[in-house]
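Each remark here refers to the structure printed beneath this line.
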Amino acid sequence: MRALMANTKSAEKRARQALASRAQNVAHRSKVRSAVRKVVAAINAGNKKDAQAALKDAMPVIDSMARKGIIHRNKAARHKSRLASQVKAMS
């Protein structure tokens with residue numbers, strides 16, 4: 001990453017905080033993607049029981065990240081809706 005180019009103490013602090021915040025956000029976004037990927041993998045494998053369990057685990061993760069503002073609430077709703085309908089459509 002680039003060196004800090006802040007002119008004031010407060011700007012230096014904000015730059016440090018932004019770096020820490022960005023690292024947290026990256027980790028949280030990764031957590032959401034991993035949870036969604038597990039559900040999709042179970043759906044593709046054709047295992048409804050595993051897909052339902054993965055969906056049950058993914059829902060709170062998606063909701064939590066939407067509450068924190070990591071992902072938009074509409075994106076969270078879209079993920080949950082599409083995954084749920086795909087699991088429901090499994091035979």
Mean separation of Cα contacts under 8 Å, 6 or more apart, over the residue count of the chain: relative contact order %: 26 percent
Close Lys-Lys pairs in the chain, where close means Cα under 26 Å and separation is 8 or more or interchain: 29
Amide N of region 14-37 lying under 19 Å from the label point, which is placed 7 angstrom from the Cα of V61 along Cα→Cβ: 23-37
Projected-area average for the chain over all orientations - Cα convex hull basis, square nanometres: 7.1 nm²
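Coordinate-derived values only; no laboratory data. Just so it is clear, the structure is predicted and the values come from calculations on it, not from any experiment. We place every Cβ from the backbone using ideal geometry, glycine too, and count neighbours over all the protein chains shown.
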